[in-house]
1. Please go through the range 64-82 and pick out each residue that is of a type outside the set (S, T, N, Q) and surrounded by 15 or more Cβ atoms within 10 Å (Cβ to Cβ).
2. If you take the residues of the range 1-43 that are of a type in the set (G, A, S) and in a helix (DSSP H, G or I), which of them is surrounded by the fewest Cβ atoms within 10 Å (Cβ to Cβ)?
3. Is one or more of the residues making up the range 44-60 buried (at least 17 other Cβ atoms within 10 Å of the Cβ), in a helix (DSSP H, G or I) and on the phi < 0 side of the Ramachandran plot?
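The values are calculated or read from the model by the stated rules, or taken from the named source; none is laboratory data. These numbers were taken from a predicted model, which means no experiment stands behind them. Quick reminder, even Gly has a Cβ in these numbers, built from the backbone with ideal geometry, and neighbours come from all protein chains shown.
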Amino acid sequence: MEAKLAILQAIQKSGGSLESLEDLVDLTGFSKGQLSHHVNGGPDSKGLVELGLVETERGERGRLSVSLTALGKILLTGLESS
């Protein structure tokens, strides 16, 4: 869960959305494969999309943009105030 939280915080620091996973790689230090796993999930764990914390959208040249949902923003706000 620490990795997912770090990803959420990186998106938040960037204004709530990022144009591509490459931008998220630069901010977090995770590989694209690791980010894809944490964002989209896998057979053994739910990703941030399935948890309702981020939304993704395919953009130009297949780039995947990522943005916080209202629930994701609320979660981060709650963590900051505790």
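1. The initial filter retains those residues of the range 64-82 that are of a type outside the set (S, T, N, Q), namely 64, 66, 68, 70-76, 78-80.
Passing the criteria: L64, V66, L68, G72, K73, L75, L76.
2. Of all residues in the range 1-43, those of a type in the set (G, A, S) come to 3, 6, 10, 14-17, 20, 29, 31, 33, 36, 41-42.
Within this subset, residues satisfying the condition of being in a helix (DSSP H, G or I) are 3, 6, 10, 33, 36.
Numbers: A3: 13, A6: 15, A10: 20, G33: 9, S36: 15.
Per the criteria, the residue is G33.
3. Checking the range 44-60: not a single residue is buried (at least 17 other Cβ atoms within 10 Å of the Cβ), in a helix (DSSP H, G or I) and on the phi < 0 side of the Ramachandran plot.
Quick grid of which residues meet (1) modelled with pLDDT under 95; (2) β-branched (V, I, T):
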site	(1), (2)
A3	yes, no
L21	yes, no
S45	yes, no
E50	no, no
R63	yes, no
T69	no, yes
S81	yes, no
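Residues are listed down the side, and each one gets a yes or a no for (1) farther than 20 Å from L76 by Cα; (2) of a type in the set (V, I, T); (3) without any contact (Cβ under 8 Å) to a residue 24 or more places away in the chain:
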residue	(1), (2), (3)
A10	no, no, yes
G15	no, no, yes
G42	yes, no, yes
V54	no, yes, no
